[in-house]
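Undergrad: Structure below; questions to follow.
Values in this text are rule-based calculations from the coordinates and carry no lab data. All values derive from a computational prediction rather than experimental measurement. Quick reminder, even Gly has a Cβ in these numbers, built from the backbone with ideal geometry, and neighbours come from all protein chains shown.
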Amino acid sequence: MGKLALVTGGNRGIGLEVVRQLLDRGWDVLFTVRSAAAARGAVEDLDRRGDPVLVDVTQEDAARVLLDNLGDRKLDALVHNAAVALNGFDADVVRRTMAVNLLAPMRLTDALLPQVADGAQIVAVSSGMGELSSLPSGARRRLSEPGLDPDALRALVATFADDVAAGTHMANGWPSSAYKISKAGLNAWVRWLAPTVAPRGIRVHAVCPGWVRTDMGGPNAPRSVQQGASGIVWAVERADEVTGDFCRDEQQIPW
């Protein structure tokens with residue numbers, strides 16, 4: 001058996017290409033899909049390679065489903081790729097965006113850590129839109145607080161949703177973008193997680209794939225899915241001891 005990776009949101013776009021590139025490099029890959037039709041399409045696209053897992057990562061039982069599929073095997077890489085960029089902006093959009101882009105990676109990692117091998121890599125697919133420099137000062141200050149642990153982060157994004165519902169988010173220093181806060185929150189979680197799992201030799205990275213031609217990125221994006229996926233695969237296979245960083249094109253970038 002080869003090394004084993006789990007990629008969330010692996011049935012299309014960047015996720016599918018990450019699965020393909022890892023398979024081409026000799027990895028065994030589990031990847032999540034949300035429908036049986038999507039699973040069939042992905043497996044055909046991958047020449048019947050890889051193992052789709054039918055699960056919505058926001059479901060309460062998602063971790064149990066993934067653990068059942070892992071069995072006794074340990075993960076050498078965990079790639080949090082599943083994400084949404086929803087139309088519109090209101091409190092419901094904020095909560096749905098956070099559920100997929102931030103809260104699911106946090107919850108799944110917590111549940112799956114016993115099955116993550118010592119020395120493995122955890123890669124969170126982030127975005128340049130989550131860079132702290134792109135945020136209003138209030139959000140930037142809150143999301144760069146030292147020691148922002150998962151409980152505090154959950155409370156913070158809940159406050160963001162409440163402020164949006166009340167129409168006070170801009171006055172309270174938030175942007176009118178659920179996606180930006182979800183990715184900035186994901187980066188904050190990476191900064192917390194990296195030292196937490198370092199005693200086991202597990203390294204944690206946030207990776208920005210750039211603006212990629214996918215359903216999310218649109219047809220005018222300058223990068224192909226191959227280019228977008230390559231930096232993620234690079235992070236999965238890194239041999240150095242660096243952890244807790246934010247990268248694009250195999251180079252560290254500012255938080």
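Undergrad: Aspartates and glutamates within cross-link reach of Lys74: Cα-Cα under 14 Å, excluding same-chain residues under 8 positions apart?
TA: Counting by Cα, and skipping residues close in sequence, Lys74 has these aspartates and glutamates nearby: Asp28, Asp118.
Undergrad: Per residue, how big is the convex hull of the chain when only Cα atoms are used? Give it in Å³. Please list the in-between numbers first.
TA: Working: hull volume 30.9 nm³, N = 255.
In the chain, the Cα convex hull volume per residue is 121 Å³.
Undergrad: Now, a different point. Treat every Asp and Glu Cβ in region 16-118 as -1 and every Lys and Arg Cβ as +1, leave all other atoms uncharged, and give the resulting dipole magnitude about the Cα centre to the nearest 20 debye. Mind showing how you got there, number by number?
TA: Working: 12 positive and 17 negative charges, 16 e Å.
The calculation lands at about 80 debye.
Undergrad: Which longest run of the chain has no exposed loop site in it, a site being GluC sites (Glu not before Pro) in a DSSP loop with at most 10 other beta carbons within 10 Å, and the site itself not part of the run? Don't jump to the answer; show the numbers that get you there.
TA: Working: sites that count: Glu60, Glu241.
Between the exposed loop sites, the longest stretch runs 61-240.
Undergrad: Quick one: in region 145-255, what % of C-alpha pairs are over 22 Å apart? It would help to have the intermediate numbers written out before the result.
TA: Numbers: 2765 of 6105 pairs.
It works out to 45 percent of all Cα pairs.
Undergrad: Computed from the mean reciprocal separation of all distinct C-alpha pairs, what Kirkwood hydrodynamic radius does region 26-162 have, in Å? Walk me through the intermediate numbers first.
TA: Details: mean 1/r = 0.0593 Å⁻¹.
After inverting the mean inverse Cα-Cα distance, the result is 16.9 Å.
Undergrad: Need the full-extension length gain, Asp215 to Asp90, defined as separation in residues times 0.36 nm minus the C-alpha distance. One decimal, nm. Mind showing how you got there, number by number?
TA: Working: separation 125, 0.36 × 125 = 45.00 nm, distance 2.19 nm.
Full extension from Asp215 to Asp90 adds 42.8 nm.
Undergrad: Under 18 Å from the 7 Å Cα→Cβ point of Glu241, by amide nitrogen: which residues of region 186-211?
TA: Residues passing the 18 Å test: 194-205.
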